[in-house]
Amino acid sequence: MESQFAQIMIALRSEKGLSQQALADEIGISKGCISFWENGLREPKLSNLIALSKYFGVSIDYLAGLKDY
């Protein structure tokens, strides 16, 4: 079962037309990390949440599913 974070990640990445590899390259992590997050197998550490928040222009609360965009 996908987590809310996973669903948000997939939606944001898809809206930008990015592959998992392209997003990983943009924020300086491995494609495997993106895959684990999107499949609900792992959660990102704070530094990665900050990078995602800045890249997508959304709050960490939004990424965590706590607030609407």
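Structural remarks
- Of all lysines in the structure, those lying under 22 Å Cα to Cα from K16, and not within fewer than 8 positions of it along the same chain, are K31, K54, K67.
- In this rough spin-label picture, where each label sits 7 Å from Cα along the Cβ direction, the D68-D25 distance is 3.6 nm.
- Heavy-atom accessible surface of the chain: percent carbon and sulfur, 1.4 Å: 50
- For q = 0.13, 0.21 Å⁻¹, Debye-computed log10 I/I(0) when each Cα of the chain counts as one equal scatterer: -0.29, -0.83
- Coupling constants for the range 32-41 follow from the phi torsions by the Karplus curve (6.51 cos²θ - 1.76 cosθ + 1.60, θ = phi - 60°), and in residue order they are x, 4, 4, 4, 4, 5, 5, 9, x, 8 Hz; glycine and proline get x.
- For the range 1-52, the per residue solvent-accessible surface stands at 60 Å², with DNA, RNA and ligands left out and a 1.4 Å probe.
- Solvent-accessible surface (1.4 Å probe) assigned to E15 amounts to roughly 150 Å².
- Net lengthening on full extension, K54/K16 (0.36 nm per residue, minus Cα-Cα): 12.3 nm
The values are calculated or read from the model by the stated rules, or taken from the named source; none is laboratory data. Being a predicted model, the structure only gives us computed values, none of them experimental. Cβ: placed from backbone, ideal geometry, glycine included. Neighbour counts: every protein chain shown. Ligands, DNA and RNA are excluded from the accessible area calculation, which covers all protein heavy atoms including side chains. Shrake-Rupley method; radii C 1.70, N 1.55, O 1.52, S 1.80 Å.
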